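S.K.: The structure follows.
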Amino acid sequence: MYSKERLIRKTPTAGQMNTVKARQKVVGREKDPQLLMHFRNLWNNLEEFRTQRARAFRFAYGDQWGDIIEYNGKPMTERQYLRMTGNTVLQTNQVQDKVATMEGVLTKESLEPVCNAIDKDEQQYGEMVTNGLQSNCYKNRIDELSIDWMREACLGGLMAAYESWDDTSGPDGTLDSWTSYINPNDLVFDARMNDSRFWDISSVGRMLRMDYGKLCARFARSPHDIAILEDIYNSQSKLYSTTSLIDYQDRDDLDEVEFMHDSDSSVCMVLEAWTKEVKPRIRLHDLNSGTETIIDMDDNAERSRVRAENQRRKREGQKLGWRDDEIPYIEGDGYGDSGFFIDEFWYCRFLATDGTILWEGESPLPDRGQPFTIRTVPHTDGKIQGYLYPMIDHNIIMNRAVILHDWLLRTNAKGVTVVPKQILGDMTPEEFANSWTSIDDMVFIDVKPGSENLMPKVFYGNAQQFDVAKYLDTFARMGDQSTAVTEALQGKTPFAGASGSLYAQMTANSSTAIAALLKKIHNFLEEVHIKKMKNLITYYTPERWEMIVGNMEDVFGNDNMRLNEVAQIEYDLRIKESTETPVFRELAENDAKEFMMNGLISFDEYAMVSKRPWIERIRQHRQARTAEVEAMQENAGMPMQQAPPTVQPQM
């Protein structure tokens, strides 16, 4: 029977509701082996996905006969079995061709991010951010990374990117926003989410590989820290550590992939673990400035400052004769609404191989989120499978058909001569064989009466009963139907009898079946660009913006900042991918030229829009000539005249 004391709800303290501090009380502040074990379990849960991904990549770029089978109780690969039975190992590669087609479809779109302001009065910000975003995307070679992500979507079914603001991710050590491709073998995330957009993810991380020097440069802040790192990474801290002899092409094989372990003994493994934590906090709303801030509930110094400020405003308001509801207090923490709420935020820890915490802290990102962008194709009932993975079964059947046809050709009779012994006479079989196979030789045989039919006969086997070409064509068409990567999409020659209009219609409709896949990839790229845009708006200085887009006076200064908070920047700017193709550029060129001919814009404005390089050279020559005329007039003491009117060029 429950007692009254057990039914009374006790008020929890701030420390009990703070999951970070509660965890530190259990495991301490220096090590967290439980969190390391938690991420190891998450990594083990993705073993089936890594196995399927490795098999898909092997069928596209490696040994298609590498599946493990059991023969007489002994495990072996299919290639070993075929060689043991005396067969020649042959294979056809249908998967790689389709992957190349999908990569070509994405490459031909030539998309680039564009920021459109929802409020047209803020379009100047959108254009400025567009230039900065495109410049940073070019610096990160996003178009090349997009091909890698398309390959992952086709074979592995998972795309992952990492957006950071640091000076260690880039090749030149520049402090900038960097986008990194993440090998899915190094990615760790929980399996409890149901949202295909990964919005309900609670644990995510990646394994980092770095040499000992880079490890010290990133995490050591004192000689004491270096001593700790040397104790943890004892073998890796040697100046000339002996590396393993594993081949470069085999380093990502599943046999070599382990959690927090690398085949190269000189590599230091670090786990970057992001977890979603909760903490009691207070939301403060300053009615005087209209700003909103969040402070920790246990931040007594800040709370005391807020109370003192409210008391000061109260005294000044009473002197002016204001009512209490007219005084612009800092609402929250006792004034107006309590402001108390449980804040959910991302917390990052860098863990060594023994669980030592190398660095920890709340998310430094502008939106207080995590830096990973993850998409799966598809994400149904927790199953992740590459888009072209069903093609593997068709490829296996075609490989078996090719080997069967080769075996039939090798085992069939090819010009076998059958000679009755009665006709040899005094000749030995060797003499008859030499004479029979010699050029311009004569063979004398002894044909007795009644045995005229006993003549040498040559037999040829017929392997044409197995029509391998038709068999392969059938399964190739079945593969096209299962993956929607048709011959029209691949740009192949149409079948015999196909009309030009029919093939044109087939080509136009060929991308309809893969529209959902392309939409997934475009949404993934937009998410990457949104994280990058938040970094640029937060960390780029006005001088940095001027280096990219030129003079931006009174556009993005602090006093003229009219955008919302960076965490809610999507309410102001919307990122879409515009088509940057020759046809699109020609249309823009023609419109700008027509505006110039009609006097709506000047030649300088037209040159700023035009993509033709010689137009820019003409504009520079015009500016130089105008400057020379102004200088001559100034030296001669003549009154300044207007610049020569814009000459309409004959296009």
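S.K.: Being surrounded by 18 or more Cβ atoms within 10 Å (Cβ to Cβ), outside any loop (DSSP other than H, G, I, E, B) and of a type in the set (K, R): is that true of R349 here?
M.R.: yes
Yes/no per residue for (1) open to solvent by 10 Å² or more (accessible area, probe 1.4 Å); (2) out of contact with any strand residue (DSSP E or B) (no Cβ under 6 Å at 6 or more places or on another chain); (3) not in a strand (DSSP E or B):
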| position | (1), (2), (3) |
| --- | --- |
| G170 | yes, no, yes |
| T179 | yes, no, no |
| N185 | no, yes, yes |
| D195 | yes, yes, yes |
| R206 | yes, no, no |
| G213 | yes, yes, yes |
| C216 | yes, yes, yes |
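S.K.: Find the residue count for the range 265-279, including only residues that are in contact (Cβ under 8 Å) with a residue 40 or more places away in the chain and farther than 17 Å from L36 by Cα.
M.R.: Matching residues across the range 265-279 total 4.
S.K.: Can you tell me which residue in the range 524-543 is surrounded by the fewest Cβ atoms within 10 Å (Cβ to Cβ), limited to those that are out of contact with any helix residue (DSSP H, G or I) (no Cβ under 8 Å at 6 or more places or on another chain) and either among the aromatic types (F, W, Y) or over 16 Å from N116 (Cβ atoms) (or both)? Spell out how you get there, then give the answer.
M.R.: In the first step, residues of the range 524-543 are kept if they are out of contact with any helix residue (DSSP H, G or I) (no Cβ under 8 Å at 6 or more places or on another chain); the result is 526-527, 531, 535, 539, 541-543.
Checking which are either among the aromatic types (F, W, Y) or over 16 Å from N116 (Cβ atoms) (or both) leaves us with 527, 531, 535, 539, 541-543.
Details: E527: 19, K531: 22, N535: 22, Y539: 13, T541: 9, P542: 13, E543: 7.
In this case the residue turns out to be E543.
S.K.: Also: Specify the residue that is least open to solvent (accessible area, probe 1.4 Å); the eligible residues are those in the range 284-301 that are under 22 Å from A22 (Cβ atoms) and touching a strand residue (DSSP E or B) at 6+ places or on another chain (Cβ under 6 Å).
M.R.: Per the criteria, the residue is I295.
S.K.: Testing V418 on (1) open to solvent by 70 Å² or more (accessible area, probe 1.4 Å); (2) free of Cβ contacts under 8 Å to residues at least 40 places away in the same chain, one condition comes back false. Which one is that?
M.R.: (2)
S.K.: Another question, then. Anything in the range 376-411 that is over 24 Å from D97 (Cα atoms) and either assigned to a helix (DSSP H, G or I) or open to solvent by less than 30 Å² (accessible area, probe 1.4 Å) (or both)? List them, or say none.
M.R.: Passing the criteria: W407, L408, L409, R410, T411.
S.K.: May I pose another question? Among (1) surrounded by 13 or more Cβ atoms within 10 Å (Cβ to Cβ); (2) at positive phi; (3) free of Cβ contacts under 8 Å to residues at least 12 places away in the same chain, where does G321 come up short?
M.R.: (1) is the only condition that G321 fails.
S.K.: Only one of these is open to solvent by 70 Å² or more (accessible area, probe 1.4 Å) and free of Cβ contacts under 8 Å to residues at least 40 places away in the same chain: E78, E47. Name it.
M.R.: Every option except E47 fails the conditions.
Rundown of residues vs (1) part of a helix (DSSP H, G or I); (2) open to solvent by less than 40 Å² (accessible area, probe 1.4 Å); (3) in contact (Cβ under 8 Å) with a residue 12 or more places away in the chain, yes/no style:
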site	(1), (2), (3)
R53	yes, yes, yes
F57	yes, no, yes
T88	no, no, yes
K98	yes, yes, yes
L106	yes, yes, yes
Q123	yes, no, no
M128	yes, yes, yes
L133	yes, yes, yes
W149	yes, yes, yes
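S.K.: Turning to a different aspect of this structure: Of the residues G62, G66, G73, which single one is without any contact (Cβ under 8 Å) to a residue 60 or more places away in the chain, open to solvent by less than 30 Å² (accessible area, probe 1.4 Å) and not basic (K, R)?
M.R.: G66
S.K.: Continuing with the same structure: In the range 324-333, which residue that is out of contact with any strand residue (DSSP E or B) (no Cβ under 7 Å at 6 or more places or on another chain) and touching a residue at least 24 places away in the same chain (Cβ under 8 Å) is most open to solvent (accessible area, probe 1.4 Å)? Steps first, please.
M.R.: The initial filter retains those residues of the range 324-333 that are out of contact with any strand residue (DSSP E or B) (no Cβ under 7 Å at 6 or more places or on another chain), namely 324-329.
Filter again for touching a residue at least 24 places away in the same chain (Cβ under 8 Å), leaving 328-329.
Details: P328: 36, Y329: 19 Å².
Once the filter is applied, the top-ranked residue is P328.
The values are calculated or read from the model by the stated rules, or taken from the named source; none is laboratory data. What you see is a predicted model, and the numbers here were worked out from it, not measured in a lab. For neighbour counting, all protein chains shown are included, and Cβ atoms are generated from backbone atoms with ideal geometry for every residue, glycine included. What goes into the accessible areas is simple: the full protein's heavy atoms, side chains included, and nothing from ligands, DNA or RNA. Shrake-Rupley method; radii C 1.70, N 1.55, O 1.52, S 1.80 Å.
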